[in-house]
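The values are calculated or read from the model by the stated rules, or taken from the named source; none is laboratory data. All values reported here derive from a predicted model rather than from experimental measurement. In this analysis, Cβ positions are derived from the backbone assuming ideal geometry, glycine residues included, and neighbour counts consider all displayed protein chains.
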Amino acid sequence: MNTPANVPLTDAMRSFIEGLPKTELHLHIEGTLEPELLFALAQRNKIALPYDSVESLRAAYAFTDLQSFLDLYYAGANVLRTEQDFYDMTAAYIAQARADQVRHAEIFFDPQTHTERGIAIEVVFAGIACALRQARDDHGFTSVMIMSFLRHLSEEDAFVTLEQALPLRKDYADLWTGIGLDSSERGNPPEKFQRVFARCRELGFRVVAHAGEEGPAAYVSDALDLLQVERVDHGVCSEEDPALIERLIALRMPLTVCPLSNLKLCVVDDMAQHNLARLLRAGVAVTVNSDDPAYFGGYMNANYLAVASALALSREEIVQLARNGIAASFISVTGKKKLEMELEQYAAAHA
């Protein structure tokens, strides 16, 4: 029997979701650059923008697909020039994440977006890491840095970026543990980066990759087989292949799903059409994340609230999504147990 969709949330359910302890596993730090901060950084760095106000910039956030978003995303990243800029951007995200009860975040960052503009990779690492360490020390907010390769560039470029970054590894060993793959999926299959991912695995990095957002289910299979990823970022197109779904279930392979992103980029036309609930109920280890929240209209609570209402998720299903996020994270065993205990205590107290 089909569950009715677009069910208005009760005040109690809304409050429950807003207070739920969460992890976020799919977050592009450059995608948290809110228009207000973007304008402030442009002014600070004396960079001219093609928009005359915050409002006109927000009006440009009417994307038709992934590429139309990326065009604006890369233009926005141009205001990031100094270590302080990267710190300010990261600190602003952390403040919002903590307000949404996020306890742990695994953050993608794209050095190639910045090094090709002449920004030293050391500046990128230092600014982001400083904010993350401060949040850990001051608030117990834990995090992981996942350096991502841009898939519209060549594998040779990815190797160059890896070699640039490796001398920094010892200085950021407490944070930088992951490698990812993002940017334009169409025409850039996982096999394009098979050699560099093999090298990253040899070096002991945890590896993840975007697949099955706009690309086909075959890209998800290739990410598993060729890149040997530990998580699939997005993965919503996996449903095209029933055998792949069975494989994801058997492997307990996490999918870091980003509902509002999928809606904003027209992967789905209506949130009620999203397959997150079907995947969850089938036993796929789906998680909820915000992707590029400054551009897609919502951080973690907004994403949870959107799917809870549109897909008529039960309280237990909401808790299961949070459980999946903890299990899929790269936190230590001790850290996972601590978060699991907090989540279960919260769920029991609000049963």
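Sub-7 Å Cβ pairs linking a first residue in region 37-64 that is farther than 28 Å from E214 by Cα to a second residue that is of a type in the set (K, R) and at pLDDT 85 or above, at least 6 apart or interchain, are N45/R81, ordered by first then second residue.
Take Q164 and tell me if it is surrounded by 16 or more Cβ atoms within 10 Å (Cβ to Cβ) and in a helix (DSSP H, G or I). No: the conditions fail for Q164. Of all the listed residues (V207, V220, V229), the sole one being in contact with a helix residue (DSSP H, G or I) (Cβ under 8 Å, 6 or more places away or on another chain) and part of a strand (DSSP E or B) is V207.
Listed here are the residues, each with its yes/no results for (1) in contact with a Gly (Cβ under 8 Å, 6 or more places away or on another chain); (2) surrounded by 19 or more Cβ atoms within 10 Å (Cβ to Cβ).
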{"residue": "E18", "(1), (2)": "no, no"}
{"residue": "L27", "(1), (2)": "no, yes"}
{"residue": "K46", "(1), (2)": "no, no"}
{"residue": "N78", "(1), (2)": "no, no"}
{"residue": "D85", "(1), (2)": "yes, yes"}
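Report whether or not S154 is modelled with pLDDT of 95 or more and among the polar types (S, T, N, Q). Spelling it out, S154 is indeed modelled with pLDDT of 95 or more and among the polar types (S, T, N, Q). Does I94 satisfy being within 30 Å of A322 (Cβ to Cβ), of a type in the set (V, I, T), in contact with a His (Cβ under 9 Å, 6 or more places away or on another chain) and free of Cβ contacts under 8 Å to residues at least 60 places away in the same chain? Here the answer is yes, as I94 does meet what is asked.
Scan region 237-254 and tell me whether some residue there is closer than 17 Å to S184 by Cβ, modelled with pLDDT of 95 or more, out of contact with any Cys (no Cβ under 7 Å at 6 or more places or on another chain) and part of a helix (DSSP H, G or I). Yes, that holds for at least one residue. What number of residues within region 218-233 are surrounded by fewer than 24 Cβ atoms within 10 Å (Cβ to Cβ) and within 12 Å of E185 (Cβ to Cβ)? Looking only at that region, the number is 2. The set of residues in region 60-69 that are outside any loop (DSSP other than H, G, I, E, B) and either among the small types (G, A, S) or surrounded by fewer than 19 Cβ atoms within 10 Å (Cβ to Cβ) (or both) comprises Q67, S68.
I128 meets all of the listed conditions (1) without any contact (Cβ under 8 Å) to a residue 60 or more places away in the chain; (2) over 23 Å from K264 (Cα atoms); (3) β-branched (V, I, T) but one, namely (1). Taken as a whole, the condition of being modelled with pLDDT of 95 or more and surrounded by 19 or more Cβ atoms within 10 Å (Cβ to Cβ) applies to T142.
To keep it simple, each residue is scored yes or no on (1) farther than 19 Å from A306 by Cβ; (2) touching a strand residue (DSSP E or B) at 6+ places or on another chain (Cβ under 6 Å); (3) among the β-branched types (V, I, T).
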site	(1), (2), (3)
G19	no, no, no
K22	no, yes, no
L27	no, yes, no
R44	yes, no, no
A59	yes, no, no
A62	no, no, no
V79	yes, no, yes
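If only residues of region 20-59 that are in contact with a Leu (Cβ under 7 Å, 6 or more places away or on another chain) and part of a loop (DSSP other than H, G, I, E, B) are counted, the one that is modelled with the lowest pLDDT is Y51. Taking every residue in region 250-263 that is over 13 Å from C237 (Cα atoms) and pairing it with any residue that is basic (K, R), at least 6 positions away or on another chain, the pairs with Cβ-Cβ distances below 8 Å are M253/R231; M253/R247; P254/R231.
Specify the residue that is nearest to D88 (Cα to Cα); the eligible residues are those in region 117-168 that are of a type in the set (G, A, S) and out of contact with any Asp or Glu (no Cβ under 9 Å at 6 or more places or on another chain). For region 117-168, the residue satisfying everything is A135. Only one of the numbered conditions (1) farther than 25 Å from G19 by Cβ; (2) touching a residue at least 40 places away in the same chain (Cβ under 8 Å); (3) assigned to a loop (DSSP other than H, G, I, E, B) is violated by Y295, and that is (3).
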